[in-house]
1. What do you get for GluC sites (Glu not before Pro) in region 1-100 restricted to DSSP loop and a cutoff of at most 15 other Cβ within 10 Å of the site's Cβ?
2. Under a point spin-label approximation (7 Å from Cα along Cα-to-Cβ), what is the Lys116-Lys14 distance to one decimal in nm?
3. Which length gain, in nm to one decimal place, applies between Thr59 and Thr3 when the Cα-Cα distance is subtracted from 0.36 nm times their residue separation?
4. In whole Å, what three semi-axes, largest first, describe the equivalent ellipsoid of region 101-163 built from its Cα gyration tensor (square root of 5 times each eigenvalue)?
5. Quick one: which residues, 5 or more positions from Val71 or on another chain, have an amide H under 5 Å from its amide H? H modelled 1.01 Å from N in the peptide plane, none for Pro or chain starts.
6. Rounded to the nearest 20 Debye, what is the dipole magnitude of the chain about its Cα centre when Lys and Arg each give +1 and Asp and Glu each give -1 at the C-beta?
7. Return the sequence-ordered ³J(HN,Hα) values of region 151-163 in whole Hz as given by the Karplus equation 6.51 cos²θ - 1.76 cosθ + 1.60 applied to θ = phi - 60°, using x for Gly and Pro.
8. With a Förster radius of 30 Å, plug the Cβ-Cβ distance of Arg40 and His149 into 1/(1 + (r/R0)^6) and report the FRET value to the nearest 0.05.
Amino acid sequence: MDTVRFTADNTVGKLAHWMSLLGYDIIWDRRSAREIIDARRAGLAASGPQRLVLGRSPTLAEDPSMREEFVPIESPYLVQQIRQAMQAFPMDFQKTLFTRCTHCNEILGGLLPLEKIRIELPLLVREYGSDFRRCPSCGQLYWRGTHTHRILEFLRDEVGLDV
């Protein structure tokens, strides 16, 4: 089964960020869902894999012609949005969590030795960080640190994810 790919419209930017942290293949677009879908239908969208569009448009949610392209996000609240996405599109989050670049959506590279990237890191990260990875596309560095613990705590305590 192919992995579902997503485009998040301008109404669900925070959801896009969190879905990326969870490992979903998602890009954020500053346009509305209607503009994204209209551009695709007119052949003006960049070529590539077909993506479901996520957004909070009640008019698109009621339009039967949009059912194959648009997934309405029902709640204005981030926690409920994350839960809706996880329920509708389940994944093995133990394997996918923290595997994508939150800047460009690429799958992160393998573990890097600290010695190879030491000069690029803040002093405290050199001392306390672990599991260093780099995005092969944009070069962004990622590591396990205090932010990782806060993210995991939020996913466990607020979202209810067993991580």
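1. Counting only loop positions with at most 15 other Cβ atoms within 10 Å, the GluC sites (Glu not before Pro) in region 1-100 are Glu68, Glu74.
2. Going from the Lys116 label point to the Lys14 one covers 3.6 nm.
3. The span from Thr59 to Thr3 would gain 17.4 nm if fully extended.
4. 23, 16, 9
5. The answer is Val53, Leu54, Gly55.
6. Using Cβ point charges on Lys, Arg, Asp and Glu, the chain gives about 400 debye.
7. Rounded to whole hertz, the list is 5, 4, 4, 4, 5, 6, 6, 9, 8, x, 7, 8, 10.
8. 0.15
Taken together, the values in this text are just the output of simple stated rules run on the coordinates, not laboratory data. The structure presented is a predicted model; accordingly, all values stated were derived computationally and were not measured. No Cβ is skipped: glycine too gets one built from the backbone with ideal geometry, and neighbour counts run over all protein chains shown.
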